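This report concerns only the one structure given below.
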Amino acid sequence: MTTLSPKEITQLLRAWSKGDQSALDQLTPLVHAELHNLARRYLSKEMPGHTLQATALVNEAYMRLIDWQNVEWQNRAHFFGVSAQLMRHILVDYARSRRSHKRGGGAIEVSLDQAAVISSERAADFVALDDALNSLAAFDARKSRIVELRFFGGLSIEETAEVMQISPTTVKREWSLAQAWLYRELKQGEG
Amino acid sequence: MQDLERWQRIETLYQAALELSEAERAAFLDQACGGDKALRAEVVSLLASHKEAGDFLVAPALQVAAEAMASEQEEVVSGGAIGPYKIIKLLGRGGMGEVYLAQDTRLGRRVALKLLPAYFTRDAERLRRFQQEARTASALNHPNVITIFEIGEASTIQFIATEYIEGETLRHLVARQPIDVGDAIAIAVQIASALEAAHDAGIVHRDIKPENLMLRPDGIVKVLDFGLAKLAERQALRGTDSPPALQLSTDPGVVMGTASYMSPEQARGLKVDARTDIFSLGVVLYEMVSGSAPFQGATTSDVIAAILTQEPPPLAPQLAGVPETLQWIVDKALAKERKVRYQTVAELLADLKKLKKQLEFGVEQKPYAPPARLPAGATAATARQTLIATSDKQIEATTDAPIARRTSGAEVITTSIKQHKRVAALVGLAIVAAITLALYWMISRGRSANQATPFAAFKVSRLTTTGKASFAAISPDGKYAVHVMGSAGQPSLWLRHIATGSDKEIVPAIRGTLSGLAFSKDGSYIYYDQFVKGEVALYRVPLLGGIAQRLVADIDTAVSFSPDGTQMAYVRGLPQEGKAALIIANADGSGEQRLASFNIVYAYPPLSALAQMWGPGWSPDGATIMMGIRDSDPNLYNWNLVAVSVKDGTTRQLTAQRWSSIGQMAWLADGKGLIVAAAEHPIYAPHQLWHVAYPDGAARKITNDLNNYIGVSLTADANSLITVQSEQLSNVWVATDGDWSHTSQVTSNNHDGIVGIAWTPDRRVLYTSIATGSREIWAVSADGTGAKQVTPDPGLEGRPVVTPDGRYIVFVSASTGISHLWRCDLDGSNLRQLTNGQSESSPSCSLDSRWVYYSALNANMKRLLWKISIDGGEPVQLSDFSCGGPTLSPDGKQFAVTFIDETATPKRYRVGLLPLDGRSPTKAFDLPTSPRQIIRWTADGRGLTYLDTRAGVTNLWAQPVDGSPAKPLTDFKSDLIFYYDWSRDGKRLAVARGLMTNDAVLINESR
């Protein structure tokens, strides 16, 4: 197994954003590997609860996939947009394949009720979320994008604000509504 | 679908409401929405969702997915069962899934259950290929490959159920304690053996690392996870020219663990083949011995950079106790270029086994006293052998020779085995202490004491311990030694600074042979012959390495320089002319001139030129060049030193002494003699070092032991010389009925059967042994029991045959100084000398047991065929042309002989079929005709069997007498065969198999 340099990842991202599907083939396993690795850490109880360590590990994983420092693009917004889009693409695709594999339910699919009970491990049905985000984008693209950047891209409120060149307050406000709307969408879909 | 304007209103109200306390919101919304109840309901619903949503989508997607994945697997496992497997406990967790100890509820057996991570198993096609490969590997049924019981799926989880191995991974062992070199090699042998089987089946492991190697308490190693690595590899790129990449694992521990064992081609993302496993095994071996991985770095990238660009630190300085051979093996396995690496794991396995055996055998020297029956003039030696440890561990072992034991055979063998174990342990320790192995022995000789006798007393130090040093030379100032290292057609040239022991590779490994080493007179260049693709050329390379310069094409010996160093002499065979020419040229290869020509049949180099070091010697006064030539009658064993005048090319025979072969020679500084590597006895012909006085030609042995000495190189002051000491280790093995490669060992004295093996009618094996210190014939049952000395010691005996009636053993004995045929009963009684001619050899008995056929020299020193009655008497001459080694066919109608085919172009040694009348061969075959060749008939008389050694491994072949192509009979992957014999019915084979270790030794004159 080997690694790709941040520069190579950036190049692949650029290629992918221009429509090169083979770039996706190279990027997908990287995401899968990060995913599995994190899952393994959870399983091995290395990350009890949401400690700072857990957050740091997740952030690290994102950093490896989406590198802040090495972005040479003139348009950071574009770059992070593409990154988040990519993550969304891969993770949703993964969830979709698991669901079809299992015939009946997605692997990454914890019911919202269950999520409510175990609030700290709340999860979402990525496939339904993807659909809902598409619906949202149809009448409020900015909110959809904020969710994409924050949830799939792993960016903080401030980072999202920087990328979108709006104020953090705006991001916070828009995020709040998007979250509420999506939550309702998904819950309805379930019922 | 939302109305945009309405959505904006909703948002405005939602955000405003959020600013308020919950209590205030109802009033606010009543007012703001007016009568629009739907609008109000929408905002209220969203506010409720907001409250309920909590941290919905707050944790990043990656984390959410990972948590979900984790709980999914936990769910399955916590259920306690996967399919029919009841989970007992977690055994471990790795990059490729979790492993549980489980109970197969159907069969009641315990299994190791590996759950594959979901993302590995998404691609159905890849999964199928993996399953196929894993099953194929499992089906190998190899003791070192883990057995797979089932590959299946339950609750969407792919699993592999394998045999449960109680033990620990090599990772644990390595982490816990340093591994003894012997153990490490034993482990590596098992891994290599598993890989060999897998590679033969077309399976590459791709992920050999300590985590994938299980050690059972009984020492058995099991290789896990065949095919799994391929599953984890990323999909092939779809026709893109972007740089290929492999999958990234982000756990630093895992990445390090995995990256450290990657081959350079894996690191580059190139297609991998079996050689990638060889590299990884090299890494594992290195780590076992040194305790740390050869390629290290703080990050994965650093580790990969190290794999691609750095040479690992040598093993030896890190840790005492590492045999040089191991360093050599590890280096070859870790070659970055695949082409330079071991090409097959079989080669690696053979080297590992050899080393293992060597460590077990011990690297002992076995000098022995020549038998008392040797004629005066030959030496009577007392040998004393001392192992001196130079570092902190002082070990001393002495062996007095001759080893005068006359105990019963069984006892001798037992003692001998014990001794070898002890010696092995000792040698192990000795190596641990990084010793200089020094050997002293004093040789007295009956010459007046006041005359300075060169090398009358000397000290021998070992320069190499790899067993792979084929040739060596010393610089004129004695500071440097150069030696050829390596076998199996991939030698390299190494320079040793003798004082510090540091080594430098000056000519990297080539595919071919390196030979003919010589330093230029000023010591600034090393000359060598390079044999590649059927062509030999002379090269020179600067002392400390650099660009090698090709000087002379077509050369057959080492060069010898004129006293001023401006010219050199060498021999070139010219088969088209039927000549061998002694040639003089300038030191840069220009200005060639032919000084003298000889019949090629008579002049050296002989047939096995490249296995020895040959070369003329230019005298210090510049007037004479000495070389080895056969007497004008071409006998098989009839060599002499000939002095060629540099002035006019005239020749003069130097000595009365005859040798069976002459190798390299070097003049002493005063010009009053030479040191010559030459062999005396035809029946067992190791080269010894001789001192030959000039001009009177008196010859005297300097060394007198069972080793072969390859080449002679002297310092300018002639006080030190370097040669290569070659030792044979051999034991007798037997095989039955067609399964000739499956042999079982019947003797273990390590020098058994080298000079002869024969079956008796009662299914015992006669073999030569030096268990007593001299060489006699012994007998052992085919099951290895009842070993017993047959002929009395001291003797110099060999080539036993049993008469068809089972009454007598006929054999060659040189116990009187010259080989003669002797006879005794099967139990060794009634010993009787049959012949008293010159150098009789190779007896073969007539079917009626009344006659013995053999070859011997006639009065003109010509080797002819003879027969003599089993009761002795007058010999009868059968052939009138030179030939040797008669072997009678099973129907008794013809012989197989070795002869010089005068009708062939070029004239050469061939194996021919000769009618009993001995007139002329009816057929001839080009079989390998080295001095070691043993020709036998197949039981049906339709074929000749012979030995064929390729890349250091001998196999038996059969040449049908109808001339159809020869076929191999055995499939040995390692070791040499020194001798063999078939039982009369052809159903049993006995072979003397073993090793030849070659090490450069420095011999210093002590005054």
Which of the residues spanning region B:938-979 are of a type in the set (S, T, N, Q) and part of a loop (DSSP other than H, G, I, E, B)?
-> B:Thr938, B:Ser964, B:Thr970, B:Ser974
Assuming A:Ile146 fulfils every condition listed in (1) more than 8 Å from chain B (Cβ to nearest Cβ); (2) buried (at least 23 other Cβ atoms within 10 Å of the Cβ); (3) under 15 Å from B:Ala59 (Cβ atoms); (4) modelled with pLDDT of 90 or more apart from one, which condition is it?
-> (3)
Hey, among the residues in region B:108-129 that are under 17 Å from B:Ile165 (Cα atoms) and either within 13 Å of another protein chain (Cβ to nearest Cβ) or surrounded by fewer than 20 Cβ atoms within 10 Å (Cβ to Cβ) (or both), which one's modelled with the highest pLDDT?
-> B:Arg110
Subset of region B:819-862, residues in contact (Cβ under 8 Å) with a residue 40 or more places away in the chain, over 21 Å from B:Asp981 (Cβ atoms) and either touching an Asp or Glu at 6+ places or on another chain (Cβ under 9 Å) or outside any strand (DSSP E or B) (or both), comes to B:Leu831, B:Arg832, B:Thr835, B:Leu857, B:Asn860, B:Met861, B:Lys862
Would you mind telling me which numbered condition in (1) surrounded by 15 or more Cβ atoms within 10 Å (Cβ to Cβ); (2) among the aliphatic types (A, V, I, L, M); (3) at pLDDT 55 or above A:Ile108 fails?
-> (3)
Selection from region A:157-182 of residues that are free of Cβ contacts under 8 Å to residues at least 24 places away in the same chain and within 13 Å of chain B (Cβ to nearest Cβ) = A:Ile157, A:Thr160, A:Thr169, A:Thr170, A:Lys172, A:Arg173, A:Ser176, A:Ala180
Could you list, in sequence order, the residues of region B:256-287 that are touching a helix residue (DSSP H, G or I) at 6+ places or on another chain (Cβ under 7 Å), under 22 Å from B:Ala197 (Cβ atoms) and of a type outside the set (A, V, I, L, M, F, W, C)?
-> B:Tyr261, B:Ser263, B:Gln266, B:Thr276, B:Asp277, B:Gly282
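Which one of B:Thr887, B:Thr905 is over 20 Å from B:Ile935 (Cα atoms), within 37 Å of the chain's Cα centre (by Cα) and free of Cβ contacts under 8 Å to residues at least 60 places away in the same chain?
B:Thr905
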Checking B:Val536 against (1) part of a loop (DSSP other than H, G, I, E, B); (2) surrounded by 21 or more Cβ atoms within 10 Å (Cβ to Cβ); (3) at pLDDT below 90, the condition it does not meet | (1)
Select, from B:Arg942, B:Arg936, B:Arg932, the only residue that is within 30 Å of B:Lys356 (Cβ to Cβ) and charged (D, E, K, R).
-> B:Arg932
Any residue at all in region B:517-524 that is in a loop (DSSP other than H, G, I, E, B), surrounded by fewer than 21 Cβ atoms within 10 Å (Cβ to Cβ) and within 27 Å of the chain's Cα centre (by Cα)?
-> no
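Yes/no per residue for (1) surrounded by fewer than 21 Cβ atoms within 10 Å (Cβ to Cβ); (2) at pLDDT 95 or above; (3) of a type in the set (D, E, K, R); (4) farther than 23 Å from B:Gly798 by Cα:
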{"residue": "B:Gly918", "(1), (2), (3), (4)": "no, no, no, yes"}
{"residue": "B:Asp926", "(1), (2), (3), (4)": "yes, no, yes, yes"}
{"residue": "B:Leu944", "(1), (2), (3), (4)": "no, yes, no, no"}
{"residue": "B:Leu956", "(1), (2), (3), (4)": "no, yes, no, no"}
{"residue": "B:Asp962", "(1), (2), (3), (4)": "yes, no, yes, yes"}
{"residue": "B:Pro965", "(1), (2), (3), (4)": "yes, no, no, yes"}
{"residue": "B:Asp975", "(1), (2), (3), (4)": "no, no, yes, no"}
{"residue": "B:Tyr980", "(1), (2), (3), (4)": "no, yes, no, no"}
{"residue": "B:Gly994", "(1), (2), (3), (4)": "no, no, no, no"}
Within the bounds of region B:272-279, is there any residue that is at pLDDT below 90 and within 14 Å of another protein chain (Cβ to nearest Cβ)?
-> yes
Within region B:704-718, which residues are under 13 Å from B:Thr997 (Cβ atoms) and either modelled with pLDDT of 90 or more or not in a loop (DSSP other than H, G, I, E, B) (or both)?
-> B:Asn708, B:Ile710
Kindly provide the set of residues from region B:639-682 that are among the charged types (D, E, K, R) and within 39 Å of the chain's Cα centre (by Cα), ordered by number.
-> B:Arg658, B:Glu680
Do we find a residue being in contact (Cβ under 8 Å) with a residue 12 or more places away in the chain, within 28 Å of B:Ala473 (Cβ to Cβ) and under 16 Å from the mean Cα position of the chain (by Cα) anywhere in region B:955-974?
-> no
Restricting attention to region B:780-839, which residues are over 21 Å from B:Tyr853 (Cα atoms) and among the hydrophobic types (A, V, I, L, M, F, W, C)?
-> B:Val780, B:Ala782, B:Ala787, B:Val790
Return a yes/no flag: does region B:802-809 have any residue that is at pLDDT 90 or above, assigned to a loop (DSSP other than H, G, I, E, B) and among the hydroxyl-bearing types (Ser, Thr, Tyr).
-> yes
Would you call B:Ala192 assigned to a helix (DSSP H, G or I) and within 16 Å of B:Phe226 (Cα to Cα)?
-> yes
Of the residues in region B:48-57, those that are at the interface with chain A (Cβ under 7 Å from one of its Cβ atoms) and within 11 Å of B:Leu18 (Cα to Cα) come to B:His50
So which of B:Gln31, B:Gln63, B:Gln2 is among the polar types (S, T, N, Q) and either at pLDDT 85 or above or in contact with a Pro (Cβ under 6 Å, 6 or more places away or on another chain) (or both)?
-> B:Gln31
Does at least one position in region B:689-703 carry a residue that is in contact with a helix residue (DSSP H, G or I) (Cβ under 8 Å, 6 or more places away or on another chain), part of a strand (DSSP E or B) and of a type outside the set (Ser, Thr, Tyr)?
-> no
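The values are calculated or read from the model by the stated rules, or taken from the named source; none is laboratory data. Remember, it's a predicted structure, so these values are computed and weren't measured experimentally. When we count neighbours, we look across all protein chains shown, and the Cβ atoms used for this are built from the backbone with ideal geometry, even at glycine.
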